[in-house]
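A short write-up of the structure that comes next.
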Amino acid sequence: MDPDPKQNMFEGLPPELRQPQESERFQERLEFERLLLDISAKVVNLPAHELDDAINSALQKIRSYYEVDRCGLIRISNVDQAWRVTHAAYGPEVATVPLDTELSISLFPFGFEKLMHNEIFAFETPDELPVEGGADKQTILNWGVRSSLNIPVKVDSSCTYVIVLNAMKNHCAWSSEQFPRLRLLGEIFAGVLERRRTRMELEAQFSFKELLSRVSSKLVNLPPELLDAEIEGCLRQTLEFFRLDRCAMVRTMPGKTSWQVVYLAAAEDVPPIPAGVELPRSINPWAYDRLTCKREVVSYARLDDLPPEASVDRKTWFEWGIRSNLNIPIIFGDSTDWVFSANMVHNERDWLEEVIQQFKLLGEIFAGAIERRTADLALRESEERLNLAASAAGAGMWILFAATGQIWATPQLRELVGFSAEEELTLERFLSVVHPEDRPKISSSVEQSLADLEQLEVEYRILRSDGSTRWLAARGRSHPGKNGAAERIMGVTVDVTERKTMEETLRQKLEEIDALKRQLEEENLYLRDEIMLQHGHEEIVGRSAAMKQVLAQVEQVAKTDATVLLLGETGTGKELLAHTIHRLSKRKDRSIVTINCAVLPPMLIESELFGRERGAYTGAMTRMAGRFELADRSTLFLDEIGELPLDLQVKLLRALEEGTFERLGSTRSMKVDVRVIAATNRNLSQEVVEGRFRRDLFYRLNVFPITIPPLRERTEDIPPLVWAFVKQYEKKLGKQIEHIPRKSMENLQRYKWLGNARELRNIVEYAMITSSGETLDLRSPGNQLQEDMSIDRSLKEVDRRHILNVLSETGWRLTGHGGAAEILGMNRTTLQSKMKKLQINRPTAMPK
């Protein structure tokens, strides 16, 4: 038969401990000692990554030892103002609380106050709680806790660990003997946790210093062109070190109305945010004001922590998927130019003050490197500009040291005076290359500048080794040392040989200029009062018999509705006469309608003349009225009628004879009352013979033909035309012309004027632009061409001039029969490409 376990338990004990009650107490104490030793042995000196599992296992043993449903370790802090469950053990069928869950102190205000004062917070039933523990009682009832024992373990002035026992199924009575035992266990747990935290903080500090060292070493003395890539790489290291989802350097833009994400690092599974573009402050007004105006750190662990006035910011950050956010202003001088930003997307995160300071330090390193790069680039650009300006001006910079007489000079100056880069330069050596007559002047100027601290200005000649003489001009200023005496002269020297040569040439030409001026005054000049404009035809300039006959014909036909055909070379003013006929007609109250038949393809000419219905052809999205409709009860001017295709000539003939037509894409006839004036530079009779123009249409148009003679057949009209053009350009160019030399006007009258009045107008416009004073410097095209060809006979220039001559002859008409492309033997597109390459542009305001 087995012995009684209790008798075995009591054997060997002193008599006073062999009583059953005392023996049970001793046995309980012994079991706790064993538990204490077991827990201590397992949690002390464990590696950091094994400590949490060991504590949870120890809590499970404590829970079993005290026969409770839940045993946990809680960390509370005045700074965090929250409870945080760090470790826990649970009995069967007991609800668990996720580890690292933060609980607001508002749930246990009474208990929090007692624990922070190092007092035990315990109850066998919630009804034991005082009135001031009402909030605690409500939370306890909600959680189903029947009995609870909370023993504080003070770590420092702000942090306390609490070892907690909870009975969920039955009430439990707490013995005062349990308090010191549990406090001892709590001290063991708190001690090892704090040692681990301290060790991890030291390791983190050491790791951060290593990160800081790596970042600083990479960004110091880095070439500007490599900085962007290095900053992005350092941001990536920062992201990985702090386990962030995103981090960025954000710049506040000038004017402080927007900002821009300039540098960004993000985890692979993190959605992007707008980078490289300006973001208006309106999407983050609250944060922008605090960062740039108040210079405050903007951070939150949860979106719900944001105040009501940050509602717009909350919406933006929510759309960007930011759950926790930290923004630190990086201040330089009087402005906040940069913001270091850190984001959490997947989890929420508290931003400890220590981490904020580390981020701020990194942000200052990044911003400092960027600002240094900006300053270096500005300095480099300034130096390049200075060197470029000095090189372009042929200038050399120098410094003369008063004590030694030595001269520091830039390569430009050494090249000017003929010294090599290695040669030592002194004032004595410099004077040796100066013209003997100018040496005393330089010496005197240097002495006076050093003595009086005045500006030095002197011009002198140097004798170069090749025997040539150059004029140089030097300007400088003396600078005093610590004792107030002049220490050095700093200045710049430029080559003024060309200016000196020009001054001499100018002096020699003064007498010639005076003589030419007297000769000019003695010439018989054409004055502006010689211009003769026909009465009633202010826009038509001419006094020749031929033009008088043309104007008489205009007056005869203007008051009728007869069709008029204007014939003449390009540039003779056919469109001007058409407008005059309309102005003198009974239809003058309505605007004249014009169309140039040479500039549009056949399909467009037809739609432009007769209009179109919607869908008449591909691209005809709307209905359009034609020129015939628009000219109802008015005048229609058909310019370059000879270019009209044969198939359209039939439709035009019907419109002229019957006054009816159909829109393109329509079968409904329209009737209009239109007076037609046509113009062409072709010989329509010959076109009829050659089959390119319908005979019946020619007879219909040739009711009242008016032939405008070319300008070469009425040279007496050139002077009044010149003055008329001068008068037009005076107001446009802001110039006043009073005289035109007789010789210039005679040269114009001898020129053939293949481009007629249009070519003459271009010549006058060119002269108005280039002339200064009240006399028009007018040259005929023939003389100018001869002068220019004597200067530049390159193939490119010959091509350019030949194309310009052909364009002038055709009135700048590129296509069609007799156009520039046909004469030159080119396609229209080839001619346009060559004109663009040769920089040939169509003159403005050319008369028809």
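Suppose we filter LEU222, LEU165 for residues that are farther than 24 Å from LEU107 by Cα and either in contact with a Leu (Cβ under 9 Å, 6 or more places away or on another chain) or of a type in the set (A, V, I, L, M, F, W, C) (or both); which single one remains?
LEU222
Any residue at all in the range 71-83 that's farther than 27 Å from ARG302 by Cβ and not charged (D, E, K, R)?
Looking for residues that are farther than 27 Å from ARG302 by Cβ and not charged (D, E, K, R), one finds at least one in the range 71-83, hence yes.
Considering only the range 796-823, state which residues are open to solvent by 30 Å² or more (accessible area, probe 1.4 Å) and either among the basic types (Lys, Arg) or in contact with a Phe, Trp or Tyr (Cβ under 7 Å, 6 or more places away or on another chain) (or both).
LYS796, ARG800, ARG801
Give me the pairs: first residue in the range 100-113 and touching a residue at least 24 places away in the same chain (Cβ under 8 Å), second residue open to solvent by less than 40 Å² (accessible area, probe 1.4 Å) and part of a strand (DSSP E or B), beta-carbon distance under 7 Å, and six or more apart or on different chains, which are they?
Sorted first by the residue in the range 100-113, then by its partner, the pairs are ILE105/ALA82; ILE105/TRP83; GLY111/PHE121; GLY111/ASN150; PHE112/ILE76.
Restricting the first residue to the range 487-506 and requiring it to be within 25 Å of ALA403 (Cα to Cα) and modelled with pLDDT of 85 or more, which pairs with a second residue that is assigned to a helix (DSSP H, G or I) and among the hydroxyl-bearing types (Ser, Thr, Tyr) meet a Cβ separation below 8 Å and a spacing of at least six or different chains?
ILE489/SER449
If you scan the range 374-408, which residues turn out to be modelled with pLDDT of 65 or more and in contact with a strand residue (DSSP E or B) (Cβ under 7 Å, 6 or more places away or on another chain)?
Of everything in the range 374-408, those that are modelled with pLDDT of 65 or more and in contact with a strand residue (DSSP E or B) (Cβ under 7 Å, 6 or more places away or on another chain) turn out to be ALA395, GLY396, MET397, TRP398, ILE399, LEU400, PHE401, ALA402, GLY405, GLN406, ILE407, TRP408.
How many residues, within the range 764-793, are assigned to a helix (DSSP H, G or I), at pLDDT 80 or above and crowded, with 16+ Cβ neighbours inside 10 Å?
5
Kindly establish whether PRO272 is open to solvent by 80 Å² or more (accessible area, probe 1.4 Å), modelled with pLDDT of 90 or more and farther than 15 Å from VAL339 by Cβ.
It is false that PRO272 is open to solvent by 80 Å² or more (accessible area, probe 1.4 Å), modelled with pLDDT of 90 or more and farther than 15 Å from VAL339 by Cβ.
Which of (1) open to solvent by 40 Å² or more (accessible area, probe 1.4 Å); (2) at pLDDT below 80; (3) in contact with a Lys or Arg (Cβ under 7 Å, 6 or more places away or on another chain); (4) not small (Gly, Ala, Ser) does LYS752 not meet, given it meets every other one?
Against the list (1) open to solvent by 40 Å² or more (accessible area, probe 1.4 Å); (2) at pLDDT below 80; (3) in contact with a Lys or Arg (Cβ under 7 Å, 6 or more places away or on another chain); (4) not small (Gly, Ala, Ser), LYS752 comes up short only on (2).
Do we find that ARG25 is in a helix (DSSP H, G or I), at pLDDT below 75, more than 21 Å from VAL162 (Cα to Cα) and open to solvent by 30 Å² or more (accessible area, probe 1.4 Å) in this structure?
When the stated conditions are applied, ARG25 passes them.
Could you check the range 204-235 and list, in sequence order, the residues that are among the hydrophobic types (A, V, I, L, M, F, W, C), out of contact with any strand residue (DSSP E or B) (no Cβ under 8 Å at 6 or more places or on another chain) and in a helix (DSSP H, G or I)?
Passing the criteria: ALA204, PHE206, PHE208, LEU211, LEU212, VAL215, LEU219, LEU226, LEU227, ALA229, CYS234.
Is it the case that some residue within the range 727-739 is surrounded by fewer than 20 Cβ atoms within 10 Å (Cβ to Cβ) and within 18 Å of GLY542 (Cα to Cα)?
So far as the range 727-739 goes, yes, one or more of its residues are surrounded by fewer than 20 Cβ atoms within 10 Å (Cβ to Cβ) and within 18 Å of GLY542 (Cα to Cα).
If I filter the range 159-179 for residues that are under 25 Å from ALA41 (Cα atoms) and touching a Lys or Arg at 6+ places or on another chain (Cβ under 7 Å), do I get at least one hit?
yes
So which residues in the range 70-128 are in contact with an Asp or Glu (Cβ under 6 Å, 6 or more places away or on another chain), buried (at least 17 other Cβ atoms within 10 Å of the Cβ) and not aliphatic (A, V, I, L, M)?
Across the range 70-128, the qualifying residues are GLY91, PHE108, PHE110, GLY111.
Are there strands (runs of 3 or more DSSP E) fully within the range 290-373 with at least 1 residues that are more than 19 Å from PHE242 (Cβ to Cβ) and in contact (Cβ under 8 Å) with a residue 24 or more places away in the chain? List them.
So the answer is 324-332, 335-344.
Taking the range 44-69 as the search range and keeping residues that are of a type in the set (S, T, N, Q) and part of a helix (DSSP H, G or I), which one is least open to solvent (accessible area, probe 1.4 Å)?
Among residues in the range 44-69 that are of a type in the set (S, T, N, Q) and part of a helix (DSSP H, G or I), the one least open to solvent (accessible area, probe 1.4 Å) is ASN56.
Exactly one of these conditions fails for THR660: (1) open to solvent by less than 40 Å² (accessible area, probe 1.4 Å); (2) touching a residue at least 24 places away in the same chain (Cβ under 8 Å). Give me its number.
(2)
Return the total of residues in the range 138-172 being open to solvent by less than 70 Å² (accessible area, probe 1.4 Å) and either closer than 20 Å to GLY72 by Cβ or of a type outside the set (D, E, K, R) (or both).
24
Check off (1) at pLDDT 85 or above; (2) among the polar types (S, T, N, Q); (3) surrounded by 15 or more Cβ atoms within 10 Å (Cβ to Cβ) for GLN549 and give me the number that stays unchecked.
For GLN549, the failing item is (3).
Within the range 408-456, how many residues turn out to be of a type outside the set (A, V, I, L, M) and either touching a Pro at 6+ places or on another chain (Cβ under 6 Å) or assigned to a helix (DSSP H, G or I) (or both)?
Within the range 408-456, residues that are of a type outside the set (A, V, I, L, M) and either touching a Pro at 6+ places or on another chain (Cβ under 6 Å) or assigned to a helix (DSSP H, G or I) (or both) number 17.
Within the range 700-752, which residues are in a loop (DSSP other than H, G, I, E, B) and either in contact (Cβ under 8 Å) with a residue 60 or more places away in the chain or under 49 Å from the mean Cα position of the chain (by Cα) (or both)?
Once the filter is applied, which keeps residues that are in a loop (DSSP other than H, G, I, E, B) and either in contact (Cβ under 8 Å) with a residue 60 or more places away in the chain or under 49 Å from the mean Cα position of the chain (by Cα) (or both), the range 700-752 yields ASN702, VAL703, ILE708, PRO709, PRO710, ARG714, GLY734, LYS735, GLN736, ILE737, GLU738, PRO741.
Can you find even one residue in the range 631-654 that is over 27 Å from GLN686 (Cα atoms) and open to solvent by 10 Å² or more (accessible area, probe 1.4 Å)?
Scanning the range 631-654 turns up at least one residue that is over 27 Å from GLN686 (Cα atoms) and open to solvent by 10 Å² or more (accessible area, probe 1.4 Å).
Using beta carbons and a limit of 8 Å, which pairs, at least six apart or on different chains, have the first residue in the range 450-470 and closer than 22 Å to THR404 by Cα and the second one open to solvent by 60 Å² or more (accessible area, probe 1.4 Å) and assigned to a helix (DSSP H, G or I)?
So the pair list comes out as GLU454/GLN448; LEU456/GLN448; VAL458/LYS441.
Regarding the range 579-597, can at least one residue be identified that is loosely packed, with under 14 Cβ neighbours inside 10 Å, under 57 Å from the mean Cα position of the chain (by Cα) and at pLDDT below 85?
no
Looking at THR252, THR198 in this structure, which one is of a type in the set (Ser, Thr, Tyr) and under 25 Å from ASN45 (Cα atoms)?
Going through THR252, THR198 in turn, just one is of a type in the set (Ser, Thr, Tyr) and under 25 Å from ASN45 (Cα atoms): THR198.
The values are calculated or read from the model by the stated rules, or taken from the named source; none is laboratory data. Because the structure is a prediction, the values reported are computed rather than measured. All Cβ positions, glycine included, derive from the backbone under ideal geometry; neighbour counts span all protein chains shown. With ligands, DNA and RNA removed, areas are computed over all heavy atoms of the protein, side chains included. Shrake-Rupley method; radii C 1.70, N 1.55, O 1.52, S 1.80 Å.
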